[in-house]
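Read the structure below first, then the notes.
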2 protein chains.
Amino acid sequence: MSTQRHDTRLDRFVDSYADRTNGMRASAVRALFAVANRPEIVSLAGGMPNIKDLALDVIADNMARLIRDHGAQIMQYGSGQGELRIREKILDVMALEGITAHPDDIVITAGSQQGLDLVTRVFCDPGDVILAESPSYVGALGTFLSYQTEVVHVASDDEGIDPAALRDTIVRLKSEGKRVKFLYTIPNFSNPSGLTQSQARRREVVDVCNAGDVMVVEDNPYGLLTLEGEPQPAMRATDPDVIYLGSFSKIFAPGFRVGWVLAPHGVREKLVLAQESATLCPPVFSQFAIADYLEHYDWRGQIVTYRHMYRGRRDAMLEELSERMPHGVSWTHPAGGFFVWLTLPDGLDAQAMLPRGVNARVAYVPGAAFYADGQGSNNIRLSFCFPPADRIREGVQRLASVIEGELEVQEIFGTRTTRPSRLHGPSVSPDLAS
Amino acid sequence: MSTQRHDTRLDRFVDSYADRTNGMRASAVRALFAVANRPEIVSLAGGMPNIKDLALDVIADNMARLIRDHGAQIMQYGSGQGELRIREKILDVMALEGITAHPDDIVITAGSQQGLDLVTRVFCDPGDVILAESPSYVGALGTFLSYQTEVVHVASDDEGIDPAALRDTIVRLKSEGKRVKFLYTIPNFSNPSGLTQSQARRREVVDVCNAGDVMVVEDNPYGLLTLEGEPQPAMRATDPDVIYLGSFSKIFAPGFRVGWVLAPHGVREKLVLAQESATLCPPVFSQFAIADYLEHYDWRGQIVTYRHMYRGRRDAMLEELSERMPHGVSWTHPAGGFFVWLTLPDGLDAQAMLPRGVNARVAYVPGAAFYADGQGSNNIRLSFCFPPADRIREGVQRLASVIEGELEVQEIFGTRTTRPSRLHGPSVSPDLAS
């Protein structure tokens, strides 16, 4: 019977989807990656960490020992909250950023992205408002919107979120009868801006949120990957009501899909219920693999190695940008993390330019992906994490040529560039890998 | 500032939670496990598979080789849909139940539980109706309710769902203006009943659903663990519009948290978007570990080994039940899977009896956990999967004594047993491990 239906209708279920499904943004990350992964293209788009220099022999031996000695435990169902063994070790990681906590207050998640999902699930009804930096992480925006929330960007400058604008925004939204649930922020080496909030600014931001009864959700995947000086104290280090999201994806490796949420006790209980409902328990095998890594591998030394490696790549990118970019292009100077945020001269459209970039064998993420409200059309996120330094330089050179070409077109025709008719893909192309 | 708040209020965030959070059921699995895991207690409660006889040396060696040769790939971010390598191998698994499909139609999930979560997320708005067997899997009910849906149980007999009752229920609900989204069913060796739907019944059920424009979601974690004869064709084998949930938790091991959804193309696309929003990508390391297991280990032979082992345990449980249980107690005779479903004589309350069971050093799951509507008060789910046969026999003996004691009390006082005042925990205690 269904065969007939198949013939007459592409998706039989098209009328059955939930309202939230219509709000899910079709990320073109797959289309972009399909193109950007071609070897001739330098991808400055992806946020994938460079993990190829990990000591795989040591990790392999440790993993084999772990399976031989504890296989029946690490391949079994586990705790909905996550294994105590890894929660205890996570305290050591967070201590590097001044956080003191109890393992009971940690919930393990299937990557930090699931932390975002569970926090939104627990707090947000449709129509609730989430505040975010300008710009903010594309993967978080997608999750927030999938819960039918309204994302409102708060004006930010080089030191982070503007406290006065934050206060005004909260007051305005409340006067409109809206429920403002939390501020989502990446205070260290933000994705995509690369900027870091000063300690004074963090304090002000937390104070404004507390005064307005708005929670603070601090997402901190890059905090330990500082390229200048020591890691800064987290926002959570000074206020135990801050909900903190951590990740092993950048300080070790992302494929295990292990992140965590540190939350006040009552919130933690709700998150565990949500986790049980979502997955029964987060990946057990992965949790033991990472706990073992933290116990038997010089993970602090590995972070130092990562810093050194990423510093070289960042320096290559910043040098090449200042040598090659035409007048009128500006960019951030990140003190850590993975990203540089470019601002093109007025009138250039980063998304319309992308197909020409790919034609010139360089890929990036257009800035509009990092806003829920249409800003960012003349911004670009560049990643210095994955390609080696010489490829980064090549990529920046190619990008500079493309921008120069756009500027020439603009000068001749005195108009905004439009999309070429022949090249449609890749489209919006936010890079999901945080 | 928050310190002051902490002093005066247990959960500062109590007014901030989403409506759905209030609908999250506090499963007492943790409380139960804390008690039931004591070595002196025979737990017939948990649905944990017995994996201790896996060839850990072989798995350890394979895993070490995989990390040495492909570490930088298997520890990296992966596809939101899941890795092609495992999706291709899953076709071999499903072929054992008569399913032909394309790897493009599979989405990998963080355990089959996440498949339930994503399917519900994609299809259900608050107030939508999900139909389920009587009784049905507690973990699914929890997820459905967390999406603020209404679960309606359809009358079922020893052959499965009653097609006439199904038709009547759909007609009645639609006449009430309700949106009935899908039927959730475990056709093979159901959790908790242990019953299997006949092939004729499956066909009727699918036909009734198709006629009523209600999707069928077939959850099949136990189908290959048949203890009598060969595996049956899945519902999906005869109708490609059935949404099929598969799992490695019972045919290999649950700790990897790898399951999958096989869905029609349009639905699959929505599920991938939902997966990216929920986790970016399902556990990559786990997926490669399982793909490697399917390529380098005699996984079909392992399933035969599992069948032999579980058959011995089921036989021990059924024998002991028929020798020990007092008159008036009845139970199912599963041809596969992990579970036997007991019905106590009228007037006995399985949940009220549980503390006396634990006092007698036996644990089980009260039947009410497997209904969303208060049925099941005189039912019990017994698992024969985890303890060895002699412990199962001991557990059944203890349980028989407890039931005899209840019946004596009932005979003397002619009244329903009430809960003892001294022993409160464990409470409802559904066992989340499916």
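Cβ-Cβ distance below 6 Å, separation of 6 or more or different chains: which pairs start in the range B:101-116 with a residue that is without any contact (Cβ under 8 Å) to a residue 24 or more places away in the chain and within 20 Å of residue A:111 (Cβ to Cβ) and end on one that is open to solvent by 10 Å² or more (accessible area, probe 1.4 Å) and assigned to a strand (DSSP E or B)?
Filtered contacts from the range B:101-116: no entries.
Considering the range B:296-327 alone, what residues qualify as being over 20 Å from residue B:384 (Cβ atoms) and out of contact with any helix residue (DSSP H, G or I) (no Cβ under 7 Å at 6 or more places or on another chain)?
Passing the criteria: B:298, B:300, B:301, B:327.
Testing residue A:398 on (1) touching a helix residue (DSSP H, G or I) at 6+ places or on another chain (Cβ under 7 Å); (2) closer than 22 Å to residue A:35 by Cα, one condition comes back false. Which one is that?
All conditions pass for residue A:398, except number (1).
Mind checking which residues of the range B:150-168 are open to solvent by less than 10 Å² (accessible area, probe 1.4 Å) and either on the phi < 0 side of the Ramachandran plot or among the hydroxyl-bearing types (Ser, Thr, Tyr) (or both)?
B:154, B:161, B:166
Spot the failing condition for residue B:332; the list is (1) in contact (Cβ under 8 Å) with a residue 40 or more places away in the chain; (2) under 30 Å from residue B:75 (Cα atoms), and only one is missed.
That leaves (2) as the condition not met.
Exactly one condition in (1) open to solvent by 30 Å² or more (accessible area, probe 1.4 Å); (2) modelled with pLDDT under 95; (3) among the hydrophobic types (A, V, I, L, M, F, W, C) is not met by residue A:84; state its number.
(2)
Please specify each residue of the range A:148-173 satisfying the condition of being part of a loop (DSSP other than H, G, I, E, B) and not hydroxyl-bearing (Ser, Thr, Tyr).
A:148, A:154, A:155, A:158, A:159, A:162
Given B:187, B:192, which one is free of Cβ contacts under 8 Å to residues at least 60 places away in the same chain and open to solvent by less than 10 Å² (accessible area, probe 1.4 Å)?
Selected residue: B:187, the only one of B:187, B:192 that is free of Cβ contacts under 8 Å to residues at least 60 places away in the same chain and open to solvent by less than 10 Å² (accessible area, probe 1.4 Å).
Consider residue A:337 against the criteria (1) within 14 Å of another protein chain (Cβ to nearest Cβ); (2) within 21 Å of the chain's Cα centre (by Cα): it satisfies all of them except one. Which criterion is unmet?
(1)
Criterion first (of a type in the set (Gly, Ala, Ser), buried (at least 24 other Cβ atoms within 10 Å of the Cβ) and modelled with pLDDT under 95) does residue A:277 satisfy it?
yes
Could you list, in sequence order, the residues of the range A:334-392 that are closer than 23 Å to residue A:142 by Cβ, in a helix (DSSP H, G or I) and in contact with a Gly (Cβ under 7 Å, 6 or more places away or on another chain)?
A:350, A:367, A:368, A:370
Those residues that are within 25 Å of residue B:274 (Cβ to Cβ) and touching a residue at least 40 places away in the same chain (Cβ under 8 Å), I need them from the range A:274-307; list them, please.
Once the filter is applied, which keeps residues that are within 25 Å of residue B:274 (Cβ to Cβ) and touching a residue at least 40 places away in the same chain (Cβ under 8 Å), the range A:274-307 yields A:274, A:275, A:276, A:278, A:279, A:280, A:281, A:282, A:283, A:284, A:285, A:287.
Any residue that is assigned to a strand (DSSP E or B) and either away from chain A (no Cβ under 14 Å) or within 18 Å of the chain's Cα centre (by Cα) (or both) - is there at least one of those in the range B:132-147?
For the range B:132-147, residues assigned to a strand (DSSP E or B) and either away from chain A (no Cβ under 14 Å) or within 18 Å of the chain's Cα centre (by Cα) (or both): present.
Only residues that are among the polar types (S, T, N, Q) and more than 7 Å from every other protein chain (Cβ to nearest Cβ): list them for the range A:64-81, please.
A:73, A:79, A:81
Yes or no: the range A:196-218 includes at least one residue that is more than 24 Å from residue A:172 (Cα to Cα), of a type in the set (Asp, Glu) and at the interface with chain B (Cβ under 10 Å from one of its Cβ atoms).
No, because not a single residue in the range A:196-218 is more than 24 Å from residue A:172 (Cα to Cα), of a type in the set (Asp, Glu) and at the interface with chain B (Cβ under 10 Å from one of its Cβ atoms).
Please count how many residues of the range A:318-349 are open to solvent by less than 40 Å² (accessible area, probe 1.4 Å) and either of a type in the set (D, E, K, R) or modelled with pLDDT of 95 or more (or both).
20
Picking from B:117, B:105, B:92, which residue would you name as being farther than 23 Å from residue B:166 by Cβ and within 11 Å of chain A (Cβ to nearest Cβ)?
When all the criteria are applied, what remains is B:117.
For the range A:34-61, enumerate the residues that are part of a helix (DSSP H, G or I) and either over 25 Å from residue A:306 (Cα atoms) or within 9 Å of another protein chain (Cβ to nearest Cβ) (or both).
Residues satisfying the conditions are A:34, A:35, A:56, A:57, A:59, A:60, A:61.
Which of the following residues is assigned by the TED database to the domain that holds residue B:116, modelled with pLDDT under 95 and out of contact with any Phe, Trp or Tyr (no Cβ under 6 Å at 6 or more places or on another chain): B:259, B:229, B:223, B:212?
Result of the check over B:259, B:229, B:223, B:212: B:229.
Going through the range B:199-249 one residue at a time, which ones are open to solvent by 30 Å² or more (accessible area, probe 1.4 Å) and either on the phi > 0 side of the Ramachandran plot or assigned to a loop (DSSP other than H, G, I, E, B) (or both)?
B:213, B:228, B:229, B:230, B:232, B:233, B:240
Going by what's in this entry, would residue A:53 be described as open to solvent by 10 Å² or more (accessible area, probe 1.4 Å), free of Cβ contacts under 8 Å to residues at least 40 places away in the same chain and not assigned by the TED database to the domain that holds residue A:354?
no
In the range A:102-131, how many residues are in a helix (DSSP H, G or I), open to solvent by less than 10 Å² (accessible area, probe 1.4 Å) and either of a type in the set (D, E, K, R) or modelled with pLDDT under 95 (or both)?
2
What helices (runs of 4 or more DSSP H) lie completely within the range B:253-329 and have 1 or more residues being on the phi < 0 side of the Ramachandran plot and more than 14 Å from chain A (Cβ to nearest Cβ)?
B:284-296, B:299-324
The values are calculated or read from the model by the stated rules, or taken from the named source; none is laboratory data. Note that the coordinates shown come from a computational prediction; the quantities given were computed from them, not determined experimentally. Heads up, the Cβs are rebuilt from the backbone with ideal geometry, glycines too, and the neighbour counts pull from every protein chain shown. Side chains included, ligands, DNA and RNA excluded: accessible areas come from the protein's heavy atoms. Shrake-Rupley method; radii C 1.70, N 1.55, O 1.52, S 1.80 Å.
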